[in-house]
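Notes to accompany the following structure.
The values are calculated or read from the model by the stated rules, or taken from the named source; none is laboratory data. For clarity, every value in this text was computed on a predicted model and none was experimentally measured. With ideal geometry, Cβ positions are generated from the backbone for all residues, glycine too; neighbour counts draw on all protein chains shown. With ligands, DNA and RNA removed, areas are computed over all heavy atoms of the protein, side chains included. Shrake-Rupley method; radii C 1.70, N 1.55, O 1.52, S 1.80 Å.
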Amino acid sequence: MSDPHPNNETAASPSQPDRRGFLVATAATAATAAGAGYLVHRSQRKSSVFIARHQSYTGELVRTIRDGLLACEFDPGTIRGKRVLLKPNLVEPSRLSPQMTTHPIVIQAAVEVFRGWDADVTVGEGPGHVRDTEQALMESGVMEALQEVRMSFEDLNYQEIRPVANAGKACDLKQFYFPRAVIEADLVVSMPKMKTHHWMGMTGAMKNLYGVIPGIKYGWPKNVLHFNGIPQTVYDINASVGRRIAIVDGIDCMEGDGPILGTPKNMGLILVGTNLTAVDATMARLMDILPDRIPYLALAANRLGPIDENRIVQRGEQWQPLVDPFLILDRKHLRKLRATNSHFVT
Amino acid sequence: MPNQDMDVTLADWIDQQQKRLNAQPIIGYARGEPAAAEPVAFAAISASAYGLKEAAIEACRCLIQAQNRHGAVSVNLHDQGPFWATSLAAIAWRTFEQKWPDAANESAKWRYRDAYRRAIDFLTGFGGEKIEPNDTFGHDSQLVGWPWVQGTHSWLEPTAMALLAMRHCGYADHPRAIEAAELLIDRQLPDGGANYGNTFVLGQELRPHLLPSAMCVVAFHRVTPRPEPIKATIRYLQNELNRPMAAISLSWVMHALVSAAWDEEDRSEIEFEWPLRSAINRLRLIEENPHRQNLLLLAAKTRESPLLNVEPHRIAPAESGVH
C-alpha cells in the first residue's frame, strides 16, 4: 500500500518551537549529546519513593500527598508561581469500571496541594481511546470534580501542538508533537492508577505519559506509538517531557486484564515520588512483579532512574509487608513477570 | 450538574448559534485554539444546513486552501498530516454543491467538485496497514479501511468518515467503500455497539463507545438491507439515549437514531429535546465551544441535516452481514 506522503511523524523536521519548546528541546538535545554520561550520572543518584497505606477516597489525601512529596525532598519553592500540569489517567472511562481511571478525589487533593504551594495548576489529559473528551470527563466523574474545585481542564488531544526532539531515541521517531500545556508546564505530575496491563504487565507513572501525546496527531488509539514499540515510546516520551513527578492512585486498583477490562482490587495505597522510574519499580514490587521484567522499566533502568531496590530510598511505609500479588493474565508474554509461577488468571 | 431549564428556548438558542456561526466559521476545537479541518468542515456543513451561504463559502474555501496537491487535507490545516479530516472536507464541499450547485462550481479557483473528487482520489489511494491474523484480536485484521495516521492499522472512526464521504460524493460502489462497509460490520460488538476499533482482545470483549457506534450507523444511512450488526448497534444507542451525553457524541447519536427511523411508517418522534438541552446547558457551564455547538446545531436539523443527505444504497445479502 504505497502513499505519496511521507509519514509526518517521522519525516518532518522540527519547525519553530516557541521559547519554552526550544528550552525543552535544547535541554533534551543536550542530554542526548552528553549521551550515556549524563543519563548514567543522573541515574546513579538514589531516588525516594513514599508509600502511604490505609488510604481511602474519604480520607485525608491532601495531607498524605503533601507529606509524601516533602518526604521525597520535593521543594515547593521550585514551583511557586510556576505552571504545574496534573496528568491523570482517563484512558477509556466507564461508569462500570471506576478502578480503571484515576479517582476524581485524588485529582482534587493534588490540586489543593499544589495550589497551597502557590503553583499555577491545571489538569490535562488526552484520553487514549475516547475521542469525545467531554464524554470521557463525564463518564469518569472528573468533570464534576473539577467544577467543584473551580479547576480548568486542558484537552491534550486537541490543543495546539509543537514539535519537540525525541531525547530518548529508543524508537525511530525523530520528534514528538506535544500539546502547548505540556510544553509550557514547569512540572508535569503523572497521576496513574495502579493496575496491570495486558501487554506490558503493569502500567504506572511512565506509561501514563502516553496521555500527553495528542490524539489529533497520533490517533485513537495512539497507534503510531504502538507501531514504534510500546516500551521504546514510553521511554522516549518520558525522556522528552520536562520535569516530572508522580502521584499514584493505588487505593482501588485493577488486576487481571488491565488496563481496561481488569477487575477491582483494593490496596488502599498512595505512592509519591520525584522519579517516575523509581515509583514504577516500587509499584511493580507491591504487585509482586519483578521490575526488570517490565520492558519499559528495563529500558529506563539506570538511564531515567533507578529500579534496583538498594537505590530507592523508601519513605513512609516499607513496601515488603504490603506486597499483594496482582492477578496477571495467563499469557506467554506475561508468565515471566514474577519469580513464582502463581497468581495468573485466564 | 447542568440546570435543565434553559433560560432561552431551543429556537432562540438556534438563532443565536446561527449568528455566531455566520460571524465566525473558521474555528478550532476550542476557543483560542488554531483553526483545524474538522471544526471548519462541520462549520461549513452546519452553515449549509441553515442556509448561511457566505459562512459556508468561507469555510469551504479555507478547506480548499488547505488541500494539498495529492487531494488531502491535514487536520491541522497547513501541517503535513495526518489526513483523516480529508473525508469531512469532502462532505463539506459536496454538501455545499448540493445546496448551491451554481455557486459551487462557478469559479475555476474554487471548484468544489474538483476538490471533493481529488479528496476521494486521495482516500482511495491509501489505507490502513494489515496485521497478520492471530488469536490476539477478534476482528478481521486483513480488511482495509482507513487509519488515523498513515502507516498504522485501520480504525473504526476514520473508516466510517471515509465511507460516508464516498457515499456523499457518489462513490458508494467503489471497492474500497464496499470493503469499508465490511470492516465496519466486522467490528460491531456481538450485543451491539462498537469500540474504537477492536472487538475482542486476548479473548475479552471490549466495551461499546457512543461516538464510533453512532458514526457506524450514520455511515450505513439508507443502506438496505440494514445489516444485523448495525441493527444491534442501533438498539444499543437507543438504550444509551436515556443518560447524559456530551455534545459531540450526542450529535452523532441523534443523527444515527434519525437514520434508524428514516423509513419507518410510524415515525414516532424520538424525544431529542431533553438530551439536546442538557448538552447545551452543560456547554454553557463548562465552556462556550463553537465546534461542539456547531455539531449540536447540525443535529437539531434532524432529518434535514446534510450529513444524512445520501442516496439509498442496496447491498447484496452476502455483504450485509446476514450469514
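Please determine, by comparing only the residues of the stretch B:113-154 that are in a helix (DSSP H, G or I) and among the basic types (Lys, Arg), which one is farthest from B:Asn198 (Cα to Cα).
Top of the filtered list is B:Arg113.
If you take the residues in the stretch B:169-186 that are in a loop (DSSP other than H, G, I, E, B) and out of contact with any Lys or Arg (no Cβ under 6 Å at 6 or more places or on another chain), which one is surrounded by the fewest Cβ atoms within 10 Å (Cβ to Cβ)?
B:Asp173
Table: residues versus (1) open to solvent by less than 10 Å² (accessible area, probe 1.4 Å); (2) among the aliphatic types (A, V, I, L, M); (3) closer than 24 Å to B:Asp173 by Cβ.
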| residue | (1), (2), (3) |
| --- | --- |
| B:Arg222 | no, no, yes |
| B:Glu240 | no, no, no |
| B:Leu257 | yes, yes, no |
| B:Trp262 | no, no, yes |
| B:Glu273 | no, no, no |
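Identify all residues within the stretch A:85-115 that are within 14 Å of another protein chain (Cβ to nearest Cβ), of a type in the set (A, V, I, L, M) and either open to solvent by less than 10 Å² (accessible area, probe 1.4 Å) or more than 21 Å from A:Met202 (Cβ to Cβ) (or both); write none if there are none.
Within the stretch A:85-115, A:Leu90, A:Leu96, A:Met100 qualify.
Take the stretch A:326-346 and flag every residue that is open to solvent by 30 Å² or more (accessible area, probe 1.4 Å) and not in a helix (DSSP H, G or I).
Hits for the stretch A:326-346 are A:Leu327, A:Asp330, A:Arg331, A:Ala339, A:Thr340, A:Asn341, A:Ser342, A:His343, A:Phe344, A:Val345, A:Thr346.
Here are some residues: B:Trp110, B:Trp84. Which one is among the hydrophobic types (A, V, I, L, M, F, W, C), in a loop (DSSP other than H, G, I, E, B), crowded, with 24+ Cβ neighbours inside 10 Å and at negative phi?
Sole residue among the options that is among the hydrophobic types (A, V, I, L, M, F, W, C), in a loop (DSSP other than H, G, I, E, B), crowded, with 24+ Cβ neighbours inside 10 Å and at negative phi: B:Trp84.
Just a yes or no: is a residue in the stretch B:135-154 of a type in the set (D, E, K, R) and in contact with an Asp or Glu (Cβ under 7 Å, 6 or more places away or on another chain)?
yes
Conditions tested, residue by residue: (1) of a type outside the set (A, V, I, L, M); (2) closer than 19 Å to A:Asn275 by Cβ; (3) open to solvent by 10 Å² or more (accessible area, probe 1.4 Å).
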{"site": "A:Ile51", "(1), (2), (3)": "no, yes, no"}
{"site": "A:Arg66", "(1), (2), (3)": "yes, yes, yes"}
{"site": "A:Glu73", "(1), (2), (3)": "yes, yes, yes"}
{"site": "A:Arg83", "(1), (2), (3)": "yes, no, yes"}
{"site": "A:Trp117", "(1), (2), (3)": "yes, no, yes"}
{"site": "A:Asp120", "(1), (2), (3)": "yes, no, yes"}
{"site": "A:Gly126", "(1), (2), (3)": "yes, no, no"}
{"site": "A:Ala136", "(1), (2), (3)": "no, no, no"}
{"site": "A:Ser140", "(1), (2), (3)": "yes, no, yes"}
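Looking at A:Thr64, A:Thr58 in this structure, which one is under 20 Å from A:Met267 (Cα atoms) and either within 14 Å of chain B (Cβ to nearest Cβ) or touching a residue at least 60 places away in the same chain (Cβ under 8 Å) (or both)?
A:Thr64
Only residues that are closer than 19 Å to B:Pro212 by Cβ and either over 17 Å from the mean Cα position of the chain (by Cα) or charged (D, E, K, R) (or both): list them for the stretch B:163-175, please.
B:Arg167
Would you pick out the residues in the stretch A:124-156 that are assigned to a helix (DSSP H, G or I), more than 10 Å from chain B (Cβ to nearest Cβ) and under 20 Å from A:Pro214 (Cα atoms)?
Those that are assigned to a helix (DSSP H, G or I), more than 10 Å from chain B (Cβ to nearest Cβ) and under 20 Å from A:Pro214 (Cα atoms): A:Ser140, A:Val142.
A:Pro321 versus (1) open to solvent by 40 Å² or more (accessible area, probe 1.4 Å); (2) within 14 Å of chain B (Cβ to nearest Cβ): which is the lone unmet condition?
Result: A:Pro321 passes all but (2).
Output the residues belonging to the stretch A:210-227 that are crowded, with 24+ Cβ neighbours inside 10 Å, away from chain B (no Cβ under 11 Å) and not β-branched (Val, Ile, Thr).
A:Gly211
Residues are listed down the side, and each one gets a yes or a no for (1) of a type in the set (A, V, I, L, M, F, W, C); (2) under 25 Å from A:Asn223 (Cβ atoms); (3) touching a Pro at 6+ places or on another chain (Cβ under 6 Å):
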residue	(1), (2), (3)
B:Arg61	no, no, no
B:Ala72	yes, yes, no
B:Ser87	no, yes, no
B:Lys99	no, no, no
B:Tyr112	no, no, no
B:Arg118	no, no, no
B:Phe122	yes, yes, no
B:Pro133	no, yes, no
B:Gly138	no, yes, no
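Name the single residue, out of those in the stretch A:142-165 being under 15 Å from A:Pro88 (Cβ atoms) and polar (S, T, N, Q), that is least open to solvent (accessible area, probe 1.4 Å).
A:Asn157
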